[in-house]
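The values are calculated or read from the model by the stated rules, or taken from the named source; none is laboratory data. From a predicted model like this one, the values you see are computed outputs, not experimental measurements. Every residue, glycine as well, gets a Cβ built from its backbone with ideal geometry; the counts of neighbours run over all protein chains shown.
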Amino acid sequence: MEEILQNQTANEAGENFPIPVLSLHHISFAYDKTPVLKDLSFDFEKGKMYCIIGKSGAGKTTLLSLLSGLASPNTGDILFEGQSISKTDKYVFRSRDIGVVFQSFNLITKYTALENVVLSMDISGVKIADKKARAMALLQSVGLDEDEANRRVLLLSGGQQQRVAIARALSYNPSIILADEPTGNLDRETQGEIMEIFKGLANEGKCVILVSHSAEVAAMCDVRYELQKIQRKK
C-alpha cells in the first residue's frame, strides 16, 4: 500500500506522473460557518484503488459528495480529466462519468436486482442494444447467478444487495467508482469478496475510491488519504 501523507498533488510537486482522472486543488468546505474540509489537494488515477479514511466528523462523506458533484467546494476546484467540474453539466457527470455505491445501497426494493440495473441504464441515457443482457452480465460479474438476479431486492442478503449496488454503479461504464463504507455492514468473509470485486475493477483500469473507517479496508488499497478532523476554535 502506498500511503500519502502530504496534502499535495503529484503535479504540484513537479513529478512526472500520469495525468489524474480526478483532482482536488486546494478545496475547502464549510456548513454555514463550521469548517469541515480545509485546503485539500489530492490526485486520483485510473487503475488504482484509493481509500479515504478518518474518524467520525473528519468530513469523509462530505468529500464523497464533493467528488460526485452533489456538492460544491466553497473554495478551490475539482478537475475531471483536467477540466473543472464546475463548468460541466453535473447531471451528465454523475450519470455517465462517475458511479456511486451508497452505504445504504439505495436500491428500489420492490424491483428485482436486474430491474435496478436496467433502470440505472435508462436514467443515464446510455445506448445499449440489449440492456437486460448487459445487466445480467454485470450482475454475474459481481457474483450473482440468474436466480438471484431475478429476485426482488428485499429477498437478497446484505452482501448480495451490495453486489447489486456495485453492478448498478457500473451499468453505464463510468471511469470512476465511489463507494461510501462499502463493507461497513458485512461480515469479514463477504468484506473480502467485495474488496476483490473493487480490486478487479481497478485492475481493469477504473479509478476506485472508497470511503471507510476500517484500517483493514485501507490496507487493501493502493493509496490511502487520511482526513484529520478540524479543530474548532472555542
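What the table below lists for this structure:
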item: Any hit, the stretch 119-129, residues being acidic (D, E), within 27 Å of I209 (Cβ to Cβ) and assigned to a helix (DSSP H, G or I); result: yes
item: Residue that is within 27 Å of S120 (Cβ to Cβ) and among the aliphatic types (A, V, I, L, M), where the choices are A30, A71; result: A71
item: Search result, residues across the stretch 207-223 that are assigned to a loop (DSSP other than H, G, I, E, B) and charged (D, E, K, R); result: D222
item: Identity of the residue in the stretch 45-77, more than 21 Å from Y91 (Cα to Cα) and touching a helix residue (DSSP H, G or I) at 6+ places or on another chain (Cβ under 8 Å), that ends up surrounded by the fewest Cβ atoms within 10 Å (Cβ to Cβ); result: G47
item: Exclusive hit being hydroxyl-bearing (S, T, Y), closer than 30 Å to P18 by Cα and surrounded by fewer than 21 Cβ atoms within 10 Å (Cβ to Cβ), set S175, S157, S171; result: S175
item: Out of L5, L40, sole residue that is closer than 19 Å to I209 by Cα and at pLDDT below 50; result: L5
item: Residue match in the stretch 124-138 (condition: surrounded by 20 or more Cβ atoms within 10 Å (Cβ to Cβ), closer than 18 Å to R94 by Cα and not hydroxyl-bearing (S, T, Y)); result: no
item: Selected residue (only one of V117, V100, V92 is among the β-branched types (V, I, T), farther than 30 Å from T34 by Cβ and surrounded by 14 or more Cβ atoms within 10 Å (Cβ to Cβ)); result: V117
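Quick grid of which residues meet (1) assigned to a loop (DSSP other than H, G, I, E, B); (2) out of contact with any helix residue (DSSP H, G or I) (no Cβ under 6 Å at 6 or more places or on another chain); (3) among the polar types (S, T, N, Q):
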{"site": "A179", "(1), (2), (3)": "no, yes, no"}
{"site": "T183", "(1), (2), (3)": "yes, no, yes"}
{"site": "L186", "(1), (2), (3)": "yes, no, no"}
{"site": "E189", "(1), (2), (3)": "no, yes, no"}
{"site": "G192", "(1), (2), (3)": "no, yes, no"}
{"site": "G200", "(1), (2), (3)": "no, yes, no"}
{"site": "G205", "(1), (2), (3)": "yes, yes, no"}
{"site": "Y225", "(1), (2), (3)": "no, yes, no"}
